[in-house]
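The values are calculated or read from the model by the stated rules, or taken from the named source; none is laboratory data. What you see is a predicted model; the values in this text were computed from it and never measured. Quick reminder, even Gly has a Cβ in these numbers, built from the backbone with ideal geometry, and neighbours come from all protein chains shown. When the accessible area is computed, the model is the full protein with side chains, heavy atoms only, and any ligands, DNA or RNA have been set aside. Shrake-Rupley method; radii C 1.70, N 1.55, O 1.52, S 1.80 Å.
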Amino acid sequence: MKLTNHVYGQWLEGRGEGTALVDPVTGERLASVSSEGIDLGRALAFARDSGGTALRAMSYEARAAKLAAIAEVLAANRADYFDISLRNSGATEGDAAFDVDGAIFTLKAYARSGKALGAARHLKEGARVALARTDAFQGQHFLTPLTGVAIFINAFNFPAWGLWEKAAPALLAGVPVLVKPATPTAWLAQRMVADVVAAGILPAGALSIVCGGARDLLDHVGECDVVSFTGSADTAARIRTHPAVVAQSVRVNIEADSVNAAILGPDAQPGSAEFDLAVKEIVREMTIKSGQKCTAIRRVLAPAGVARALAAAVAEKLAGCTVGNPRSPGVRMGPLVSRAQQAAARAGLALLVSECETVFGGGGGFAPVDADPAVSAFFPPTLLFCGEGPAGCHVHDVEVFGPVATVLPYTDTAQAIALARRGRGSLVASVYSADADFVGALVPAIADLHGRVMVVDAAVGSQHTGHGNVMPGCLHGGPGRAGGGEELGGLRALALYHRRFVVQGGPAVLDALARDAADAALLGA
Ligand code: NAP
């Protein structure tokens, strides 16, 4: 089976043999993808001219209704998506739910919140600016939807959520979408797009998909397009500096990798609720999707007197996690997504092990349940301990994209802050403490290097939404090595797909332009 591309209103097969998609448990070849022979310049032009024009002719609330209809189609096909996730990613049911249900949940959230923008077609921002002695000449800021394409170049770990968490705000804004999913797991995104296209929900050109290499895609970007990239920092740097992107000042949003931290406060002593909540969350983060989450906990900062007990408690729970073929009863963690990712994780772990002690896992004697290690892509849950404190280096730099975390002891609040900041920009940090002085000192001191900080104590208990779980109403993104991008945050995400401009003129003109506009303050509501 070769997955087809949906471009210029047609389903087209790419030329040649293509690249194989493989079951990471059995090594079975499942499908192939190719974008060879597809006219990517024409694909973008069709999306702009046909899809964009038709979407912008609708109001925000009409487009919000389209999102609700998409969510319904995806929910109706959920069982098929779980099956594809199992075969193409080795996903357990929980892993598949994280991706597929996360996508549906996010679409529904935007369908609901988008209604608030009503029948408007653009947004009015703030009060009028006085520019003359009288009211005869004033300024008014507006936000207008972009007339280009939202081009999504996505990572392999969230083929469903990664597509729809970006597509929901783009389509709501009236901007057509062209997605290029990561090759190893492209099947799920392609199948979802096929289902939505078949349902006839969106106008022609509003949703396109290119499977396989990006080829010359970025050569054809225009000044009103947006490139939204999720993936590694190396690819991000290539995209940011692409000549056409630079020459036309194309807006680029980057979600890259990150070495996120969990931080225990001085009060999170063994036996405390905060200690237990931290242990539970660290184990969950290491094992969900086999640690292949950009938000996963990679570093665990703990008071020096607690760090060993914490490592022992996490190791004890990891020992109860059965790793193997998700089709086998009792298996809780599946493989990495490919043998290439397995090799990359092994190389990363070798760097970490050069300066850390292995508390649990690491590879020796590891045998996945009901799978052949010679063809599969499993990786053992591995917990490390870095007693070096601030001298350690790789642990703050190397993101092992798998079930690996490192415990780092700290001596005081200043050192905890310094260690957290050595991640040089992260998507999220979670703090386990009810000590108001500690939290009050720590959070502002790490805030400029983190997109999100989650603080958990006994009163929050199990009601928190999770260190690695990205909620549609809250900002997702992080500075520095995390890419510097911003996604979600409710309707705030629409700003990426609008251009701010100011009109200067008399009150009659400004009144006429404002008639069709919703208040941009709703984006932050
Ligand atoms: P990747 O190798 O950088 O690939 C990401 C995407 O870029 C893929 O679709 C890939 O296509 C495409 N690509 C590669 N080279 C390109 C080029 N020269 N021009 C245009 N596109 C190109 O990353 P990955 O291995 O898929 O993803 C894992 C990384 O993503 C991890 O580091 C993780 O932390 C990060 N991530 C971040 C977030 C976040 O929200 N911050 C979310 C998920 C993942 P092909 O697959 O066809 O090569």
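Observations, loosely collected:
- Within the stretch 14-47, tally of residues that are out of contact with any Pro (no Cβ under 7 Å at 6 or more places or on another chain) and part of a helix (DSSP H, G or I): 7
- Index of the failed condition, I151 passing every other in (1) crowded, with 22+ Cβ neighbours inside 10 Å; (2) among the hydrophobic types (A, V, I, L, M, F, W, C); (3) part of a strand (DSSP E or B); (4) in contact with a Phe, Trp or Tyr (Cβ under 8 Å, 6 or more places away or on another chain): (4)
- Counting only helices (runs of 4 or more DSSP H) that fall entirely inside the stretch 368-455 and contain at least 2 residues that are small (G, A, S) and more than 26 Å from the chain's Cα centre (by Cα), the qualifying elements are 413-421, 436-446.
- Scanning the stretch 222-266 for residues that are within 7 Å of the ligand (Cβ to nearest atom), assigned to a strand (DSSP E or B) and within 30 Å of D457 (Cα to Cα) yields a single hit, E255.
- Flag if R327 is part of a loop (DSSP other than H, G, I, E, B) and modelled with pLDDT of 95 or more: yes
- Only one entry of A315, A302 meets the criterion of being in a helix (DSSP H, G or I) and in contact (Cβ under 8 Å) with a residue 60 or more places away in the chain, and that entry is A315.
- Restricted to the stretch 174-189, and to residues there that are in a helix (DSSP H, G or I) and within 13 Å of the ligand (Cβ to nearest atom), the residue that is surrounded by the fewest Cβ atoms within 10 Å (Cβ to Cβ) is T183.
- Residue in the stretch 328-335 that is touching a residue at least 12 places away in the same chain (Cβ under 8 Å), within 15 Å of the ligand (Cβ to nearest atom) and open to solvent by less than 50 Å² (accessible area, probe 1.4 Å) present: no
- The one condition in (1) in contact (Cβ under 8 Å) with a residue 40 or more places away in the chain; (2) under 24 Å from A155 (Cα atoms) that L264 fails to fulfil: (2)
- Complete set of residues in the stretch 291-322 that are open to solvent by less than 10 Å² (accessible area, probe 1.4 Å) and more than 16 Å from the ligand (Cβ to nearest atom): V300, L301, A302, V306, A307, L310, A311, V314, L318
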